[in-house]
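Reading through the structure tokens given below for one structure.
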């Protein structure tokens with residue numbers, strides 16, 4: 001049976017989890033501000049253009065956050081598992097992911113959806129790096 005001993009470097013992985021939490025809370029606050037600005041009451045998830053002339057602006061803010069939430073379980077799983085064997089590398093890929101997700105969100109929030117991809121598209125490099133770390137960790141456990 002394989003055992004994994006946490007190195008003190010795993011603390012960097014834990015700090016990336018905290019940073020992801022902070023980013024998520026900041027995005028939540030931005031969506032809340034957009035709800036007030038564009039007059040989209042709870043529990044409405046997305047504004048209808050037939051009812052709100054600024055629906056697209058609100059929906060872009062909402063989608064930027066929602067997409068980040070959709071990827072959060074994948075990100076955290078890959079980060080926490082890959083970081084067991086490669087904590088510094090995983091933390092660096094995690095940091096890249098978080099920084100680029102910030103730009104993804106702020107680009108999307110402009111109301112022009114393509115703006116999310118200028119820097120935001122590089123978030124997938126972070127996920128890919130975490131996937132490789134996790135894959136190698138898994139292979140190492142088998143052999």
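Derivation of every value follows stated rules applied to the coordinates shown; laboratory data play no part. Note that the coordinates shown come from a computational prediction; the quantities given were computed from them, not determined experimentally. With ideal geometry, Cβ positions are generated from the backbone for all residues, glycine too; neighbour counts draw on all protein chains shown.
General remarks:
- Globularity index of region 35-129, i.e. its alpha-carbon radius of gyration over 2.2 N^0.38 Å: 1.27
- Degrees between helix 55-85 axis and first principal axis of the chain (Cα, 0 to 90, nearest 10): 10 degrees
- What the Cα atoms of region 22-70 give is an Rg and a Dmax of 10.4, 34 Å.
- Label-to-label distance, nm, for residues given as residue 143 and residue 5 (7 Å Cα→Cβ offset): 2.4 nm
- Fully extended contour minus Cα-Cα distance, from residue 24 to residue 56, at 0.36 nm per residue: 9.4 nm
- Cα long-axis angle, helix 123-142 against the chain (0 to 90 degrees, to the nearest 10): 30 degrees
- Seen against the Cα atoms of the chain and their longest principal axis, helix 10-37 is set at about 10 degrees.
- Pairs of Cα atoms nearer than 8 Å and 6+ residues apart set the relative contact order; for region 13-143 it is 27 percent.
- Estimated 222 nm signal from helices in the chain, with DSSP H stretches of n ≥ 4 weighted -39500 (n - 2.57), rounded to 500: -25000 deg cm²/dmol
- Relative contact order (percent, whole number), region 13-66, Cα cutoff 8 Å, 6+ residue spacing: 35 percent
- Relative to the 2.2 N^0.38 Å rule of thumb, region 1-88 has a C-alpha radius of gyration ratio of 1.52.
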